[in-house]
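S.K.: Once you've had a glance at the structure underneath, I'll fire off some questions.
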Amino acid sequence: MNKELQKNEAIERMKMLEIYPATIREFERDNIINKSEHGGILYWLDENEQEMVKKFEEKHNAVVYHVIHNYTGFGELYSLLYVSENETEWGYDRDDLRHNVALVYVKNIEDDFCSEFGSIGIKKQFGGLARTC
């Protein structure tokens, strides 16, 4: 899979999600990935978070385009929104986004055994995204 195709798909998904336009431009021009915290407020990833994303992308041949960071009763969570290498799934992923559901890998910082692939509910807020479930 061509990473450039995945990146283009990621940009289209960010536009669908109405992520703050400057954030999309940063991703498009400089490969800067933002995270949403505190209900959708946008921040840049720190060095440790960038390394976590890089390892995920390399291991799964994916392109991460946004991260949602939450603290929950079962751990500190990073929900990585990504484009997989399987182009045949992209249409389904877009349909899910239209219904406020995102395909993610959730990294549990306190208990890696609980990290997993799945879907989460999302909503657009403050230029970023908030996790709803």
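S.K.: Given the options 83, 53, 67, 63, name the one that is β-branched (Val, Ile, Thr), touching an Asp or Glu at 6+ places or on another chain (Cβ under 9 Å), under 14 Å from residue 107 (Cα atoms) and modelled with pLDDT of 95 or more.
M.R.: On the way: 83 fails: under 14 Å from residue 107 (Cα atoms); 53 fails: touching an Asp or Glu at 6+ places or on another chain (Cβ under 9 Å); 63 fails: under 14 Å from residue 107 (Cα atoms).
Step by step, each of 83, 53, 67, 63 is checked, and only 67 is β-branched (Val, Ile, Thr), touching an Asp or Glu at 6+ places or on another chain (Cβ under 9 Å), under 14 Å from residue 107 (Cα atoms) and modelled with pLDDT of 95 or more.
S.K.: In addition: What are the pairs, 6+ residues apart or on separate chains, where a residue within region 85-107 that is without any contact (Cβ under 8 Å) to a residue 40 or more places away in the chain has its Cβ under 6 Å from a residue that is in a helix (DSSP H, G or I) and surrounded by 15 or more Cβ atoms within 10 Å (Cβ to Cβ)?
M.R.: Filtered contacts from region 85-107: 103/93.
S.K.: Quick check on region 66-79: of everything there that is within 19 Å of residue 36 (Cβ to Cβ) and surrounded by fewer than 18 Cβ atoms within 10 Å (Cβ to Cβ), which residue is nearest to the chain's Cα centre (by Cα)?
M.R.: Here is the first cut: in region 66-79, the ones within 19 Å of residue 36 (Cβ to Cβ) are 66-72, 75-79.
Next, from what is left, pick out any that are surrounded by fewer than 18 Cβ atoms within 10 Å (Cβ to Cβ): 70-72, 75-76.
Details: 70: 13, 71: 16, 72: 18, 75: 18, 76: 16 Å.
Here the residue is 70.
S.K.: Now for a separate question. Filter region 45-97 for residues that are among the hydrophobic types (A, V, I, L, M, F, W, C), within 19 Å of residue 116 (Cβ to Cβ) and touching a Lys or Arg at 6+ places or on another chain (Cβ under 8 Å) and give the result. Before you say what the answer is, go through the steps one by one.
M.R.: Narrowing region 45-97 to residues among the hydrophobic types (A, V, I, L, M, F, W, C): 45, 52-53, 56, 62-64, 67-68, 74, 77, 80-81, 83, 90, 97.
Next, only the ones that are within 19 Å of residue 116 (Cβ to Cβ) stay: 52-53, 56, 62, 64, 67-68, 74, 77, 80-81, 83.
Passing the criteria: 52, 56, 67, 68, 77, 80, 81, 83.
Residues checked against (1) among the aromatic types (Phe, Trp, Tyr); (2) touching a Gly at 6+ places or on another chain (Cβ under 7 Å); (3) on the phi > 0 side of the Ramachandran plot:
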{"position": "32", "(1), (2), (3)": "no, no, no"}
{"position": "38", "(1), (2), (3)": "no, no, yes"}
{"position": "47", "(1), (2), (3)": "no, no, no"}
{"position": "57", "(1), (2), (3)": "no, no, no"}
{"position": "66", "(1), (2), (3)": "no, no, no"}
{"position": "78", "(1), (2), (3)": "yes, no, no"}
{"position": "87", "(1), (2), (3)": "no, no, no"}
{"position": "96", "(1), (2), (3)": "no, no, no"}
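S.K.: Any residue at all in region 53-65 that is over 13 Å from the mean Cα position of the chain (by Cα), surrounded by fewer than 16 Cβ atoms within 10 Å (Cβ to Cβ), under 24 Å from residue 127 (Cβ atoms) and not hydroxyl-bearing (Ser, Thr, Tyr)? Break it down stepwise before answering.
M.R.: In the first step, residues of region 53-65 are kept if they are over 13 Å from the mean Cα position of the chain (by Cα); the result is 55, 58-61.
This time we only want the ones that are surrounded by fewer than 16 Cβ atoms within 10 Å (Cβ to Cβ), so: 55, 58-61.
Still in the list and also under 24 Å from residue 127 (Cβ atoms): none.
The answer is no; no qualifying residue exists.
S.K.: Just name the residue that is farthest from the chain's Cα centre (by Cα) out of those in region 80-116 that are among the hydrophobic types (A, V, I, L, M, F, W, C) and assigned to a helix (DSSP H, G or I). Before you say what the answer is, go through the steps one by one.
M.R.: From region 80-116, those among the hydrophobic types (A, V, I, L, M, F, W, C) are 80-81, 83, 90, 97, 101-104, 106, 109, 113-114; that's our starting set.
Next, from what is left, pick out any that are assigned to a helix (DSSP H, G or I): 90, 97, 113-114.
Numbers: 90: 14, 97: 12, 113: 20, 114: 18 Å.
For region 80-116, the residue satisfying everything is 113.
S.K.: In addition: Go through region 95-133 residue by residue and tally those that are basic (Lys, Arg) and farther than 15 Å from residue 66 by Cα. Don't jump to the end; show me each part of the working.
M.R.: Step one: list which residues in region 95-133 are basic (Lys, Arg), which gives 98, 107, 123-124, 131.
Narrowing further to those that are farther than 15 Å from residue 66 by Cα: 98.
The number of residues fulfilling the criteria is 1.
S.K.: Still on this structure: List every residue pair whose Cβ atoms lie under 6 Å apart, where the two residues are 6 or more positions apart in sequence or sit on different chains, the first residue falls within region 108-130 and is of a type in the set (Ser, Thr, Tyr), and the second residue, located anywhere, is in a strand (DSSP E or B) and surrounded by 16 or more Cβ atoms within 10 Å (Cβ to Cβ).
M.R.: From region 108-130, the pairs are 115/107; 115/108; 119/101; 119/103.
Let's see how each residue does on (1) part of a strand (DSSP E or B); (2) in contact (Cβ under 8 Å) with a residue 60 or more places away in the chain; (3) in contact with a strand residue (DSSP E or B) (Cβ under 8 Å, 6 or more places away or on another chain); (4) small (Gly, Ala, Ser):
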| residue | (1), (2), (3), (4) |
| --- | --- |
| 4 | no, no, no, no |
| 10 | no, yes, yes, yes |
| 18 | no, yes, yes, no |
| 23 | no, yes, yes, no |
| 48 | no, no, no, no |
| 58 | no, no, no, no |
| 65 | yes, no, yes, no |
| 71 | yes, no, yes, no |
| 78 | yes, no, yes, no |
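The values are calculated or read from the model by the stated rules, or taken from the named source; none is laboratory data. The model shown is predicted, which means the values in this text are computed figures rather than measured ones. Heads up, the Cβs are rebuilt from the backbone with ideal geometry, glycines too, and the neighbour counts pull from every protein chain shown.
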